[in-house]
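The values are calculated or read from the model by the stated rules, or taken from the named source; none is laboratory data. This structure is a prediction, so every number in the text was calculated from the model and none was measured. Here the Cβ is made from the backbone with ideal geometry for all residues, glycine too, and neighbour counts use every protein chain on show. The accessibility values were calculated without ligands, DNA or RNA, using every heavy atom of the protein model including side chains. Shrake-Rupley method; radii C 1.70, N 1.55, O 1.52, S 1.80 Å.
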Amino acid sequence: MATQPIEIYNTLIRKKEKFTPLNSPFVGMYVCGPTVYDDVHLGNCRTFISFDLIYRYLLFVGYKVRYVRNITDAGHLEGDRDEGGDKFAKKAKLEQVEPMEIVQKYTVGFREVLRMFNTLSPSIEPTATGHISEQIEMTKQIIEAGLAYESNGTVYFNVEKYSQKNNYGILSNRKLEELLEGTRELEGQDEKKGRLDFALWIKAKPEHIMRWPSPWGWGFPGWHIECSAMSTKYLGATFDIHGGGMDLIATHHTNEIAQSQVCNHCEPVKYWMHTNMLTVNGIRMSKSAGNGFLPLELFSGNHKLLDKGYSPMAVKFFMLQTHYRSTLDFSNEALQASEKGFERLMNAVSTLEKLKSSGKSSSDIKSLCAKCYDAMNDDFNSPILLAHLFDGVKTINSINDGKATISKEDLSLLQKTFHGFIFDVLGLKEEKPATNNDDLLNNLMAMIIEMRNEAKEKKDFPASDKLRNGLAKSKITIKDTKEGTTWEKEK
RNA sequence: GGUCGGGUGGCCGAGCGGUUAGGCAGAGCUCUGCAAAAGCUCCUACAGCGGUUCAAAUCCGCUCCCGACCUCCA
């Protein structure tokens with residue numbers, strides 16, 4: 001279906017390259033999922049919406065994709081410092097509940113928000129706690145390979161030893177010496193041999209509620225090993241795409257590569273893809289900066305930074321108007337612009353459904369449709385795709401106004417392309433409340449419109465305007481078109 | 001401090017050697033009883049200073065700002 005091969009920007013080589021799956025048409029894709037100890041925040045959502053777009057497009061052009069996105073529900077340390085700050089235990093103590101209650105609560109919340117954003121479910125959504133034995137196995141293998149050591153019940157990965165034969169900084173494009181310079185001397189690090197060493201298994205302290213038995217005593221897995229274990233289990237030693245936020249490159253993904261490399265003796269991932277950060281007034285939206293708002297606050301408008309609420313689709317459309325590798329800055333003005341743009345696009349989609357063909361096409365529809373594929377093939381460039389779709393919107397409206405024409409064949413192609421890209425690829429959906437299945441409202445509206453039209457025929461405009469203004473107070477908009485009077489209710 | 005990535009019209013945001021990106025806002029016109037919607041037209045920018053080139057927003061150098069990572073975060 002694609003008119004040209006897909007090009008993907010690979011973090012590994014820092015440029016775009018042709019996408020060739022290892023076992024076409026099968027594609028393995030792993031994306032680092034959320035840590036479910038708090039509400040998902042919008043930055044997470046952007047990453048998952050971006051990979052949803054990628055997943056959807058790969059499916060759209062015919063690939064058979066296994067999309068794995070983990071749920072991190074096992075406590076990992078605050079960094080690799082041995083401070084024992086199990087996030088789940090901390091939160092549980094604060095909320096006076098079981099750690100697994102925290103996990104349950106935020107997992108459900110996370111799925112609910114992504115459902116509102118109309119993202120597809122991954123093929124597999126494995127949890128870290130469900131794969132403890134795999135993580136212990138992997139840790140054992142790394143110890144056997146001589147690249148990890150136990151120290152007082154905690155197991156560390158020996159980065160400097162690994163670096164003798166491997167390029168540890170391959171993903172972050174940094175040299176070991178530079179990395180070593182960057183580290184700081186921290187307290188309580190006596191257990192570690194090297195400053196860059198990171199934990200594979202962490203000894204549980206009395207306050208840690210989440211704990212499992214292991215060859216090194218009771219403890220819990222380090223943060224990075226879960227992804228190595230689960231990606232290997234479900235996608236194999238080497239798979240096609242691994243994704244996540246850019247902030248994961250330097251530490252998480254770097255460590256993941258090292259672990260997998262030691263266990264599987266090969267580079268784990270062919271294409272590394274990273275999404276950029278979400279910012280608010282130019283500053284990264286983050287938990288620690290406290291400049292974020294939750295998706296539900298954004299939808300309701302119930303936040304001091306927001307003038308009003310924005311629907312999930314308006315927000316998603318806003319995100320799709322920016323390329324996934326660019327930072328995206330939130331502002332009320334930008335959100336309002338997207339809200340209107342989205343509405344215009346969706347109006348054109350409904351116009352397109354009832355459009356009539358006649359004679360020859362007055363514009364090159366085939367070329368327009370091909371451009372949509374080209375845009376997505378170029379590293380999933382959704383802003384360009386939307387620009388082409390808006391060219392289509394102009395064409396659709398012109399045809400509807402009788403100022404342009406379209407052939408039967410082209411109309412069918414345009415309908416198919418619009419439908420495919422807007423609903424299947426971008427994953428947008430109509431949000432207007434269904435007015436058709438409310439008989440009472442429909443009947444009342446039909447009556448009011450009839451009364452108004454009678455008034456209009458008698459040129460009694462004060463009366464017709466009174467009806468229209470009255471309806472406006474109930475957020476119902478009246479439109480007089482050539483085909484008659486229509487109405488719609490604001491959501 | 002080190003390593004990356006940026007600075008594009010009123011706002012958002014593509015492009016990354018030669019073409020009107022696109023959306024929103026604003027102005028005018030067409031349609032309309034008036035609106036709304038839609039269409040057409042206008043608004044033509046690339047932080048600054050040098051350099052390379054027939055040609056630079058796009059390449060190179062310097063300067064000034066901003067951000068990210070190096071410490072949990074997608």
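For region A:439-489, the solvent-accessible area with a 1.4 angstrom probe is 74 square angstrom per residue. Residue-wise HN-Hα couplings along region A:138-145, as the Karplus relation 6.51 cos²θ - 1.76 cosθ + 1.60 with θ = phi - 60° gives them from phi, are 5, 4, 4, 4, 5, 5, 4, 6 Hz; Gly and Pro carry x. Separation of region A:35-71 and region A:208-234, taken as the distance between their Cα centroids, equals 24 angstrom. Residue by residue, region A:378-387 carries 3J(HN,Hα) couplings of 8, 6, 6, 7, 5, x, 5, 4, 5, 4 Hz when phi is fed to the Karplus relation 6.51 cos²θ - 1.76 cosθ + 1.60 (θ = phi - 60°); x denotes Gly or Pro. Distant-in-sequence amide contacts of A:Tyr310, defined by a placed amide H-H separation under 5 Å and a gap of 5 or more residues or a different chain, comprise A:Phe299, A:Ser300, A:Gly301.
Between the alpha-carbon centres of region A:285-327 and region A:375-420 there is a gap of 28 Å.
Name the residues of region A:466-491 whose amide N is less than 17 Å from a point 7 angstrom out from the Cα of A:Lys458 along the C-beta direction? Zone members listed by number: A:466-468. Taking 0.36 nm per residue of separation and subtracting the current Cα-Cα distance, fully stretching the chain between A:Asp374 and A:Ala446 would add 21.4 nm. Amide H contacts for A:Thr275 (H built 1.01 Å from N in the peptide plane; partners 5 or more residues away or on another chain; cut-off under 5 Å): A:Gly244, A:Gly245, A:Met246.
FRET efficiency for the pair A:Arg325 and A:Ser358, taken as 1/(1 + (r/R0)^6) with r the Cβ-Cβ distance and R0 = 56 Å, rounds to 0.85.
With R₀ fixed at 51 Å, the C-beta to C-beta distance from A:Ser367 to A:Glu207 puts the FRET efficiency at about 0.20. Applying 1/(1 + (r/R0)^6) with R0 = 56 Å to the Cβ-Cβ distance of A:Asp480 and A:Glu101 gives a FRET efficiency near 0.50. Under a 5 Å amide H cut-off, with hydrogens placed 1.01 Å from N, A:Tyr9 pairs with A:Glu17 among residues at least 5 apart or on other chains. Computed over protein heavy atoms with a 1.4 angstrom probe, the accessible surface ordering of A:Met100, A:Met273, largest first, is A:Met100, A:Met273. Pop out the carbon and sulfur fraction of the accessible area of chain A as a percent, whole number, probe 1.4 Å. With neighbouring chains kept in place, the figure for chain A is 50 percent. Counted over chain A, the DSSP beta bridges are approximately 50% antiparallel. Label-to-label distance, A:Glu191 versus A:Ser121, with points set 7 angstrom from Cα along the beta-carbon direction: 3.8 nm.
Per-residue 3J(HN,Hα) values for region A:206-214, derived from phi via the Karplus relation 6.51 cos²θ - 1.76 cosθ + 1.60 with θ = phi - 60°, read x, 6, 7, 8, 7, 8, 9, x, 8 Hz in sequence order (x marks Gly and Pro).
Computed from label points 7 Å out along Cα-Cβ, the spacing between A:Asn152 and A:Lys489 is 6.5 nm.
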